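> This is the structure, below, for whatever I ask next.
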Amino acid sequence: MTDSENPTTQSPSPAPRSVLVTGGSRGIGRAIAEAFLANGDHVAVTSRKGGAPEGALDLVCDITDPAAVEEAYAAAEAAHGPVEVLVANAGITKDTLVLRMSEEDFTSVIDTNLTASFRLAKRASKGMLRLRRGRIIFISSVVGLMGNPGQVNYAASKAGLVGMARSLARELGSRGITANVVAPGFVDTEMTAVLTEEQQKAITDRVPLGRYASPDEVASAVTWLADAGYVTGAVIPVDGGLGMGH
Ligand code: NDP
């Protein structure tokens, strides 16, 4: 069988691909959207407040609301065709020590970071199964693999994405669909800007490369995964060595 006859070994289709990035209005998601735009892809971006980079379709959508996700997905498909690359990036933190962590602190982080990622991946897989190709990429965190005091909720949500990606990889692989995880370390965005200088120094002291990542450095791992035809179920660390490959 030649490569062109076998959909499971086909290289990804060339740009323009239809790409959907959640949480693409700022930080890591924005850098990811910009990297796909620079590649010539058609990009739709979701966020609650709106504000996509120039050239992207700006969709206001709270990913915790199933009807809003369906509406945003339909709008992306109407504009750009079936989504071939889904980047589930939107995420939140609600840090506090376990004894002070309320049920609401826990479930709201799980709802946004994990349940909404399931909702998006499920919706994406419909079109990808028809296309017989697709890329599902979850943005997790080094914290999901290593744990972190004050982040029981966040770490649980990010660890959950690894099991989700690996199960999707097994379920959908025979149809040419890959599911992978990018696990950034600490990245210079609004999410980490809330940390005190002392907390930031304590982090960089533990990072072999001695600094935070730039959002672009995370984006380049994502675009690489979108091009990779034979990588699935993988966790790609972009953490300056903090997790030593985990
Ligand atoms: P930011 O807080 O800078 O941006 C988060 C993005 O997600 C925004 O576009 C925000 O837009 C959107 N968002 C948040 N909640 C929702 C929601 N319910 N529905 C739709 N959009 C939402 O975060 P970062 O760029 O720092 O982080 C991006 C991802 O990377 C997250 O999943 C985070 O956990 C992960 N990560 C970040 C690290 C870091 O050091 N910064 C390290 C490791 C992982 P709006 O507010 O308008 O909804």
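The values are calculated or read from the model by the stated rules, or taken from the named source; none is laboratory data. Note that this is a predicted model, so its numbers are computed, not measured. Every residue, glycine among them, receives a Cβ derived from its backbone with ideal geometry; neighbour counts consider all protein chains shown. The area values use the complete protein model at the heavy-atom level, side chains included, leaving out ligands, DNA and RNA. Shrake-Rupley method; radii C 1.70, N 1.55, O 1.52, S 1.80 Å.
> Filter segment 167-192 down to residues that are open to solvent by 70 Å² or more (accessible area, probe 1.4 Å) and at pLDDT below 95 and give me whichever is farthest from the ligand (Cβ to nearest atom).
188
> Which condition does residue 241 not pass, out of (1) part of a loop (DSSP other than H, G, I, E, B); (2) open to solvent by 40 Å² or more (accessible area, probe 1.4 Å); (3) within 15 Å of the ligand (Cβ to nearest atom), if it passes all the others?
(2)
> Return the pair list, or none, for Cβ contacts closer than 8 Å from residues in segment 59-84 that are more than 18 Å from residue 25 (Cα to Cα) to residues that are in a loop (DSSP other than H, G, I, E, B) and open to solvent by 50 Å² or more (accessible area, probe 1.4 Å), at least 6 apart or on different chains.
Pairs that qualify, where the first residue is more than 18 Å from residue 25 (Cα to Cα) and the partner is in a loop (DSSP other than H, G, I, E, B) and open to solvent by 50 Å² or more (accessible area, probe 1.4 Å), are 80/16; 84/133.
> Among the numbered criteria (1) assigned to a helix (DSSP H, G or I); (2) farther than 19 Å from residue 89 by Cβ, which single criterion is violated by residue 221?
Just one mismatch for residue 221, condition (2).
> Turning to a different aspect of this structure: Need at least 3 residues that are among the charged types (D, E, K, R) per element, so show me which strands (runs of 3 or more DSSP E) inside segment 25-90 make the cut, counting only ones lying wholly within it.
Qualifying strands (runs of 3 or more DSSP E): none found.
> Got a sec? Which of 156, 121 is within 16 Å of the ligand (Cβ to nearest atom) and within 14 Å of the chain's Cα centre (by Cα)?
Result: 121 is the single residue among 156, 121 that is within 16 Å of the ligand (Cβ to nearest atom) and within 14 Å of the chain's Cα centre (by Cα).
> In segment 215-238, what count of residues is obtained for those that are in contact (Cβ under 8 Å) with a residue 60 or more places away in the chain and open to solvent by 40 Å² or more (accessible area, probe 1.4 Å)?
Total meeting the criteria: 6.
> With respect to residue 135, is the statement that it is more than 24 Å from residue 246 (Cα to Cα), basic (Lys, Arg) and either more than 9 Å from the ligand (Cβ to nearest atom) or in contact with a His (Cβ under 6 Å, 6 or more places away or on another chain) (or both) true? So that I can check it myself, show each step before the final result.
Details: more than 24 Å from residue 246 (Cα to Cα): no; basic (Lys, Arg): yes; either more than 9 Å from the ligand (Cβ to nearest atom) or in contact with a His (Cβ under 6 Å, 6 or more places away or on another chain) (or both): yes.
When the stated conditions are applied, residue 135 does not pass them.
> On to the next question. Would a scan of segment 93-100 turn up a residue that is touching a strand residue (DSSP E or B) at 6+ places or on another chain (Cβ under 9 Å), in a helix (DSSP H, G or I) and surrounded by fewer than 24 Cβ atoms within 10 Å (Cβ to Cβ)?
No: segment 93-100 contains no residue that is touching a strand residue (DSSP E or B) at 6+ places or on another chain (Cβ under 9 Å), in a helix (DSSP H, G or I) and surrounded by fewer than 24 Cβ atoms within 10 Å (Cβ to Cβ).
> Can I ask one more? Note down all Cβ pairs under 8 Å where the first residue falls in segment 147-161 and is at positive phi and open to solvent by 20 Å² or more (accessible area, probe 1.4 Å), the second is among the hydrophobic types (A, V, I, L, M, F, W, C) and modelled with pLDDT of 95 or more, and they're at least six residues apart or on different chains.
So the pair list comes out as 147/155.
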